[in-house]
1. Please list 219-227, 335-343 highest first by mean number of surrounding beta-carbon atoms within 10 Å per residue.
2. Which whole-number percentage describes the relative contact order of the range 76-191, with Cα contacts under 8 Å and a sequence gap of 6 or more?
3. Given the peptides 174-180, 201-207, arrange them by the average over their residues of other C-beta atoms within 10 Å, most packed first.
4. Could you tell me how far the Cα centroid of the range 33-48 sits from the Cα centroid of the range 171-217, in Å?
5. Roughly how many nanometres apart are two label points built 7 Å out from the Cα toward the Cβ at Leu99 and Ala267?
Amino acid sequence: MHKHLWIISLLVATLCACETDFDPYIPSKPTPVVYGVINPDDSLYQIRLTKSFVGPGSAYDYAQISDSLFFQNAKVYLDTYLDTNPGNDTLLESVELELLEIEPRQEGIFIRQPNLIYQTNFHELNIRPEQYHNQGLAYDIVLQMRAIIPGYADTVTAKTRLKKPPRIVNPKAHYQKVYFFGEIPFQVEWTHTSKDNYFELQVVFHYKEILEDEQREAAVEWVLTGIEYNESSIPGGVNNFYNYYLRPDIFYSHIRATIPVDHEVKARLVRNIDFVILTSDGTIKHYNEIGELADDYHGATYSNLNHGLGIFTSYNTVGVYGLRLGQRELDSLAFGTYTKHLNFKNWE
């Protein structure tokens, strides 16, 4: 999800796509580019504000110049609104973010440092559900980003609606075991009050590797697709139910795809499995879909900003952690077609 340099990367590709004997370019004002994906449960809230660039010569040279990437004296704000009266939102808070230099980027196209972000924290900005519950307010909050840039008449803005985490129905508790081969298929099921949602279901598989002279903890993860939606009537409305039936062939094939063969590993032992649900709106879905098309449809972009490009949205996560495999499931991991070459043992 961390694609905050996507539009600049596309511009670099565009400018370097062909070589000619002349160097045509159209002088223009840089476009503000924003990346901000906010989880209210985090302790820090960060926004990256950069700009596109174009000019004579190599785009790779511009990418190594700080002034080509960052605006001078820009200000970034996060505002919260209580959305109880559509069209007439009540402003609750407005917080100016602090410009900070963080750890250098990895070696690549863009300059390693300064690496600048705008940041605040949960003490300064109240966007956690419990902070509203404690005040007796409904958690129906709109979060707005504003960027004011010297020399630009228009303020760059974007909004996202903060959502409560879903309520997990199955598995019911962390101590439940994962059984694939029983009469009832294993499923992850949850409900949410809003139908305007985008979900991802992440599986995190923890295990131990035993080598000749040491042992080490390891984990792999993957995201499942094919989440089903159903609804049931309740007094005053409907319940929105989401579920994923995890078939054994899907589970074991993901393990095969994510864990490499390592001849130094003498044995592997399963630790536990986590199922983590990410909730957001359609912004992330559209952004990822368009990003996947960009190589085929040159210059394709998605943005939910006004007077700029990029993405600003929010998400949250909830999960069931530390589940164990049943004995038959351990046997299939150790001796089954998909994973027997990985040298798992059929005990924990």
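Laboratory data are not the source of any read-out in this text; all were calculated from the coordinates shown. Only a predicted model underlies this, so the values are computations on that prediction, with no experimental measurement involved. Here Cβ is always computed from backbone atoms with ideal geometry, including for glycine, and neighbour counts include all displayed protein chains.
1. 335-343, 219-227
2. Relative contact order comes out at 21 percent.
3. Ranking the peptides 174-180, 201-207 by packing returns 201-207, 174-180.
4. Their Cα centres are 27 Å away from one another.
5. It is 5.8 nm.
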